[in-house]
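Undergrad: Below is the structure I would like to discuss, written out as structure tokens.
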Amino acid sequence: MTNVNFNDYQLSSDLLKSISMLNYTNPTMVQEQVIPAVLIKKDVIVKSQTGSGKTAAFAIPICESVDWLENKPQALVLVPTRELAIQVKEEFFNLGRFKRLKVSAIYGKSPFLNQEKELKQKTHVVVGTPGRIIDHLDKETLDISNIKYLVIDEADEMLNMGFIEQIETIINSLSKERITILLSATMPKDVEVLSKKYMNDPIYVEIEEKNSTASRIEQERYTVEEIDKVKLLKDITIVDNPDSCIIFCNTKQKVDDIHNELVNLKYTCDKIHGGMEQRDRLRVMNDFKLGYFRYLVATDVAARGIDIDNITLVINYDIPLDKESYVHRIGRTGRQNKEGKAVTFVTKYESKFLTEIEEYIGHEIPLKDKPEKETVMNSKIRFVEKINSTPEIKETKGATFNKEIMKIHINAGKKTTKMRPADIVGTLSNINGMTAEDIGIINVLDISTFVEILNNKGEMVLQELQNIPIKGRIRKVSKANM
Ligand code: AMP
């Protein structure tokens, strides 16, 4: 954090209000450099890790610059994974809440038709994975003729995943009159080539982490036979007794197995891997974020970019076979300058991977002795207490907003009554005490309409609408889930 204040930038009160509700008091280092550059419409290359506040660094100036009145998307954000698409969408949505920005997340293995419908409505920002974005371009269900901002997030990862062709196709379909922001944790040659080819005199921002991930996270390793790993896992979790822990395995099968072991041991746990349904993966990540369970068993699916605060312990049940993956995995802990611990199990056949990782991170990972039987015994009471206690449920970032905002449902829509947002605005503006600033996002669907009422005026509006006609008739109006 720095001494610069968000008020120092030319930001509207809508944006400043969201920023303050998210409890962002000062811009992070990356934000301090990126926000002013994008506000004056410069292309920017950012070399920075996740966890540095890089999403808000581009989302804040984009939300500020987007024209609410324009119906076609004005910003396109490319991300490597569905999970990240949802996370980035949320950040945009929260930041743009008071400006009533509509943000869509577009990713594969999710019904195309729903996305098509969503994209037909007013959309200011589209966040998506390259493959599905191309599908929408091919079917002409995404209009990119008005895109003024292109963000290429986690560029290194997208190129690693082989998305280069899709990314180039997308870039070539966009207007050259645009601002391009590229973010990457590392800057391999192919990312550099991409930036040279498609960016216009970019400003280069590199954040040297003063307090680097490696120094913030206590790292240790254990030499262990495969067959003894479960016992070691048990002992370490008993002694360490973490509030929140991710256990990484290298295969789906192993994740299933270890998850079963932990379930049998009555750990509060769940699992995530690429073989699971998208819906289940999202649910698990969400529940873990909220703190419904303490132990998550995962493959590398969960290692990238995902932002969960307060994970105190990461266990590499299997040593990662790829050195970069080690850094991403352990980076799930020690976020936002908090302390964290990462433990790696290494069998005697895996010293090659260990050497590669140690060379990559530039130091040795200290070898530890397995916990003594007595230490484990002495830690058991505390551990059982925690396992049996109800975890403290965390608030989502959006929850602060939800206290001020009520979403209401009106039992009439486009098809049934030819409802338009203007009809809703007209009715609401006539209610005493309501101004245009109190009306949030309006979503008119086929047979119903959702409207967000801001500034704690939801209850009042709900009452009033029981007796005020909307488009000539009294409608059934109720409180909707957020
Ligand atoms: P990112 O690097 O985008 O993954 O962001 C990491 C975390 O930092 C997210 O939880 C953000 O909500 C949070 N964050 C972003 N900007 C700020 C800020 N200025 N102050 C405090 N937290 C922030």
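Undergrad: Suppose R0 equals 41 Å. What FRET efficiency, 1/(1 + (r/R0)^6) with r the Cβ-Cβ distance, do Asp446 and Asn5 give to the nearest 0.05? Let's see the in-between values first.
TA: Details: r = 45 Å, r/R0 = 1.10.
Efficiency at R0 = 41 Å is approximately 0.35.
Undergrad: Give the peptides 362-373, 19-30 in descending order of average Cβ contacts within 10 Å, highest first. If you can, show how the numbers build up before the last one.
TA: Numbers: 362-373: 11.9, 19-30: 17.2.
Top of the packing list down: 19-30, 362-373.
Undergrad: How much FRET efficiency would the formula 1/(1 + (r/R0)^6) give for Thr251 and Gln278, where r is the Cβ-Cβ distance and R0 is 25 Å, rounded to 0.05?
TA: On the way: r = 20 Å, r/R0 = 0.78.
So, using R0 = 25 Å, E works out to roughly 0.80.
Undergrad: Further, regarding this structure: Would you mind counting up the charge near Lys373? Only other residues with Cβ under 13 Å from its Cβ, with Lys and Arg at +1 and Asp and Glu at -1. Provide the component values of the computation, followed by the final result.
TA: Working: positive: Lys231, Lys234, Lys370, Lys380; negative: Asp235, Asp369, Glu372, Glu374.
Combined, the nearby Lys, Arg, Asp and Glu give 0.
Undergrad: In the calculated pair distance distribution of the range 344-473, what percentage of Cα-Cα distances lie above 17 Å? Walk me through the numbers before you get to the answer.
TA: On the way: 6093 of 8385 pairs.
Every Cα pair in the range 344-473 considered, those over 17 Å come to 73 percent.
Undergrad: Using every pair of alpha-carbon atoms in the range 213-388, split the distances into 10 Å bins beginning at 0 and state the percent of pairs per bin, rounded to integers.
TA: 10, 41, 38, 11, 0
Undergrad: Under 15 Å from the Cβ of Arg382, count the other residues' Cβ atoms, weight Lys and Arg +1, Asp and Glu -1, and hand me the total. Spell out each step's value before the answer.
TA: Numbers: positive: Lys234, Arg294, Lys380, Lys386; negative: Asp235, Asp240, Asp243, Glu374, Glu385.
The answer is -1.
Undergrad: Continuing with this model, one more query. Please state the relative contact order of the chain as a whole percent: Cα pairs under 8 Å, 6+ residues apart?
TA: Values: 859 pairs, mean separation 63.6, N = 482.
Over the chain, the number comes to 13 percent.
Undergrad: Further, regarding this structure: How high is the relative contact order of the range 217-362, in percent, counting Cα pairs under 8 Å that sit 6 or more residues apart? Before the final figure, lay out each step's value.
TA: On the way: 247 pairs, mean separation 48.4, N = 146.
Relative contact order of the range 217-362: 33 percent.
Undergrad: Follow-up question, since we're still on this one. How many percent of the accessible area of the chain is carbon or sulfur, using a 1.4 Å probe? All intermediate terms of the calculation are to be shown ahead of the outcome.
TA: Numbers: 11090 of 22610 Å².
Roughly 49 percent of what the probe reaches on the chain is carbon or sulfur.
Undergrad: Probe of 1.4 angstrom, ligands and nucleic acids ignored: what's the accessible area per residue over the chain, in square angstrom?
TA: Working: 22610 Å² over 482 residues.
Using a 1.4 Å probe on heavy atoms only, each residue of the chain averages 47 Å².
Undergrad: Reachable aspartates and glutamates from Lys47, Cα under 15 Å, same-chain residues fewer than 8 places away excluded?
TA: In chain and number order, the partners are Glu32, Asp153, Glu154, Asp156, Glu157, Asp190, Glu192, Glu206, Glu208, Glu209.
Undergrad: Which sequence of Ile247, Ile227 reflects their accessible areas, 1.4 Å probe, from the largest down? If you can, show how the numbers build up before the last one.
TA: Details: Ile247 0, Ile227 145 Å².
Order by accessible area, largest first: Ile227, Ile247.
Undergrad: Still on this structure: Could you check what % of the DSSP bridge pairs in the chain are antiparallel, to the nearest 5? Mind showing how you got there, number by number?
TA: Details: 13 of 61 bridges.
For the chain, the DSSP antiparallel bridge percentage is about 20.
Undergrad: Can you check what the net charge comes to around Leu194, using other residues whose Cβ is under 11 Å from the Cβ of Leu194 (Lys, Arg +1; Asp, Glu -1)? Kindly include the intermediate steps, with their values, before the conclusion.
TA: Details: positive: Lys189, Lys196, Lys197; negative: Asp156, Glu168, Asp190, Glu192.
Net charge around Leu194: -1.
Undergrad: Ignoring everything but the protein chains, give the 1.4 Å probe accessible area of Arg221 in square angstrom, nearest 10.
TA: Estimated to the nearest 10 Å², Arg221 gives 40 Å².
Undergrad: May I pose another question? Can you give the extra length, in nm with one decimal, that the chain gains between Ile474 and Glu177 once fully stretched, where that is 0.36 nm per residue apart less the Cα-Cα distance? Could you put the intermediate results ahead of the total?
TA: Details: separation 297, 0.36 × 297 = 106.92 nm, distance 4.73 nm.
Length gained, Ile474 through Glu177: 102.2 nm.
Undergrad: Next question. When the distances between all Cα atoms of the chain are binned every 20 Å from zero, what whole-number percent does each bin get?
TA: 22, 51, 25, 2
Undergrad: Report the one residue of Leu76, Asn402, Ser110 whose Cα lies farthest in the direction of the positive end of the charge dipole of the chain (charges on C-beta: Lys and Arg +1, Asp and Glu -1; origin at the Cα centre).
TA: The one lying farthest along the dipole's positive direction is Asn402.
Undergrad: Please turn the phi angles of the range 402-418 into ³J(HN,Hα) values with the Karplus equation 6.51 cos²θ - 1.76 cosθ + 1.60 (θ = phi - 60°), one per residue in order, whole Hz, x for glycine and proline.
TA: Calculated HN-Hα couplings, in order: 4, 5, 8, 10, 10, 9, 10, 10, 10, 7, 7, x, 4, 6, 6, 10, 6 Hz.
The values are calculated or read from the model by the stated rules, or taken from the named source; none is laboratory data. Not measured: the values here are computed from a predicted model. Please note: Cβ atoms are built from the backbone with ideal geometry, for glycine as well, and neighbour counts cover all protein chains shown. The protein model used for the area step is the full one, side chains on, heavy atoms only, and it has no ligands, DNA or RNA in it. Shrake-Rupley method; radii C 1.70, N 1.55, O 1.52, S 1.80 Å.
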